[in-house]
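Below is one structure, written out as structure tokens, with a few remarks after it.
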Amino acid sequence: MAINTEKNSYTIAFAVVMVVIVGSLLAFVSSTLKEQISTNERFEKMQNILYAMGVNNNDESSVVFIPTSEVQTQFETYITQQFVIQNGQVTEDPEAYLIDLKREEASENPRLPLFVGEKDGKKFYIVPMRGKGLWDAIWGFVSVDDQKVIQGAYFDHKGETPGLGANIKMRYFMDDFIGESIEKNGAIVGVTVAKGNNDPVNEDKYDNEVDALAGATITGNGLSAMLSTSLKKYESFFNSLSAQ
Amino acid sequence: MALLNKKDAALLKDPLADNNPITIQVLGICSALAITAELKASIVMGLSVMFVLAMGNVVISLMRNIIPSKIRIIVQLVVVAALVIVVDQALKAFAYELSKTLSVFVGLIITNCIIMGRFEAFALANGPKRAFLDGIGNAAGYALILVIIGFFRELLGSGTLLGFPVLGDPIAKTGLYALGYENNGFMLLSPMALIIVGIIIWVQRSRNPKLIEH
């Protein structure tokens, strides 16, 4: 090779060219795929919301969503109303499900989305939530009925440890929440993921506790905190339901 | 192997046993501890590393004569990071479900010492074909150990394999559990992965005295 790769000028030129090439390659990939990716994310959100109110294709033990080809129509069928709560004001907004909770948390005057679903004549109030796990964000959707009893839950995470914290999205864990009350002595307290609550089969539905996952203490604590703080934000809304 | 001469075949075979990246070179231990609580995650991680390592080895090998040696580590890092991000974005657009399973591993792949180690030790000094074989071989050696660890940790820790209960139901007390067997929750924690790696190294060295250093 004729080029002297040890020269400083060559090193700097190489670095500059490399950064420009790699930078434009990544920018190109990102901008071409952006639309497709955001559609995928929107469909996923719809699937998650529907999952929480029990609209899914679950088999005996695993989580199966409505296929993406149907999710748009199913979402329009089952989700009858979408609300945004800001400063205690409840307004209807058909695009409330597109609200980015991460951005709202950072704002001084957050908008709280809430979805109302109807299935077989029964009403579901679906609350989206976001919190912190061990490594990164965790989030979820929980549906409750007008008695403040959980009807379904879906949790997901960005980077919890596979096999440990990542199991919050396993069916056996999420199903444990169904039937748990989020209320205790008239106040919204959420549900705590508890170790050693002497109720591993989850027979006591009014203890505000579900059995924790082994090896996932911090993810579990994060999930408990997410449930109580997020649900409390909707306390006045839930109270207005029981007043009706 | 008719397609490959003896030297090339050795590139594929050596890392599986006598020159295994985990048990002999002790590289890539971090991810071997972190994600082997389940067999499925082990397999996925093994395949992802195989893809990235083979591709990255080829790219680095093609550029080996023009990379300035002063910044070669940075160049290697940029190549592996760019490769991983492009793959991740493409998966997000066209195979969303798969990308959700893999997203956890993206960060772990970029920092995997095996990848940097092979770029530095092999791809910088060899042609693209040999570099490709070396990448496949080393990743296979890595994947093999991950699968062994994942198998034992999932079986003994959760009583399942690939998510299927193989020992019965621990809550309803069927199968082995009816006899009083309990899952060992300790197997789910990272230290047990290190102990299993230790056992594998022990077995390997006692079977092959050539590997013992004096």
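The values are calculated or read from the model by the stated rules, or taken from the named source; none is laboratory data. Quick caveat, the model's predicted, so the values are computed rather than measured. Cβ: placed from backbone, ideal geometry, glycine included. Neighbour counts: every protein chain shown. Surface accessibility is based on the protein's heavy atoms, side chains included, excluding ligands, DNA and RNA. Shrake-Rupley method; radii C 1.70, N 1.55, O 1.52, S 1.80 Å.
Summary of computed values
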{"read-out": "Candidates B:Leu179, B:Leu167, B:Leu162, filtered to the one that is within 14 Å of another protein chain (Cβ to nearest Cβ) and either open to solvent by 30 Å² or more (accessible area, probe 1.4 Å) or more than 19 Å from B:Val80 (Cβ to Cβ) (or both)", "value": "B:Leu162"}
{"read-out": "Any strands (runs of 3 or more DSSP E) falling wholly within the range A:74-182 and containing at least 1 residues that are closer than 16 Å to A:Lys233 by Cβ and without any contact (Cβ under 8 Å) to a residue 24 or more places away in the chain", "value": "A:89-92"}
{"read-out": "Lone qualifier among B:Ile149, B:Ile212, B:Ile195, B:Ile201 - being in contact with a Ser or Thr (Cβ under 6 Å, 6 or more places away or on another chain) and open to solvent by 30 Å² or more (accessible area, probe 1.4 Å)", "value": "B:Ile201"}
{"read-out": "Enumeration of residues in the range A:207-231 that are modelled with pLDDT of 90 or more and either part of a loop (DSSP other than H, G, I, E, B) or crowded, with 22+ Cβ neighbours inside 10 Å (or both)", "value": "A:Thr219, A:Gly220, A:Gly222, A:Leu223, A:Met226, A:Leu227, A:Leu231"}
{"read-out": "Residue under evaluation A:Val64, criteria (1) surrounded by 13 or more Cβ atoms within 10 Å (Cβ to Cβ); (2) under 18 Å from the mean Cα position of the chain (by Cα); (3) free of Cβ contacts under 8 Å to residues at least 40 places away in the same chain, criterion not met", "value": "(1)"}
{"read-out": "Filter result for A:Thr161 (under 18 Å from the mean Cα position of the chain (by Cα), modelled with pLDDT under 80 and not charged (D, E, K, R))", "value": "yes"}
{"read-out": "Odd one out for B:Ile148 among (1) under 17 Å from the mean Cα position of the chain (by Cα); (2) modelled with pLDDT under 85", "value": "(2)"}
{"read-out": "Selection within the range B:99-144 - in a helix (DSSP H, G or I), among the polar types (S, T, N, Q) and under 27 Å from B:Gln204 (Cα atoms)", "value": "B:Asn138"}
{"read-out": "Any hit, the range B:41-56, residues being open to solvent by 50 Å² or more (accessible area, probe 1.4 Å), within 9 Å of chain A (Cβ to nearest Cβ) and within 30 Å of A:Ser38 (Cα to Cα)", "value": "no"}
{"read-out": "Test: A:Ser9 is surrounded by 13 or more Cβ atoms within 10 Å (Cβ to Cβ), small (Gly, Ala, Ser), modelled with pLDDT under 95 and in a helix (DSSP H, G or I)", "value": "no"}
{"read-out": "Search result, residues across the range B:68-105 that are aliphatic (A, V, I, L, M), more than 9 Å from every other protein chain (Cβ to nearest Cβ) and without any contact (Cβ under 8 Å) to a residue 24 or more places away in the chain", "value": "B:Leu91, B:Ala95, B:Leu98"}
{"read-out": "Cβ-Cβ under 6 Å pairs, at least 6 apart or on other chains, the range B:128-139 side more than 14 Å from B:Leu47 (Cβ to Cβ), far side assigned to a helix (DSSP H, G or I) and open to solvent by 50 Å² or more (accessible area, probe 1.4 Å)", "value": "B:Pro128/B:Leu62"}
{"read-out": "Extreme residue, nearest to A:Glu160 (Cα to Cα), among residues of the range B:161-214 that are among the hydroxyl-bearing types (Ser, Thr, Tyr) and in contact with a helix residue (DSSP H, G or I) (Cβ under 9 Å, 6 or more places away or on another chain)", "value": "B:Ser190"}
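Matching residues to (1) in a loop (DSSP other than H, G, I, E, B); (2) over 30 Å from B:Asn184 (Cβ atoms); (3) modelled with pLDDT of 80 or more:
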position: B:Leu12; (1), (2), (3): no, yes, yes
position: B:Ala32; (1), (2), (3): no, no, yes
position: B:Ala37; (1), (2), (3): yes, no, yes
position: B:Met45; (1), (2), (3): no, no, yes
position: B:Leu53; (1), (2), (3): no, yes, yes
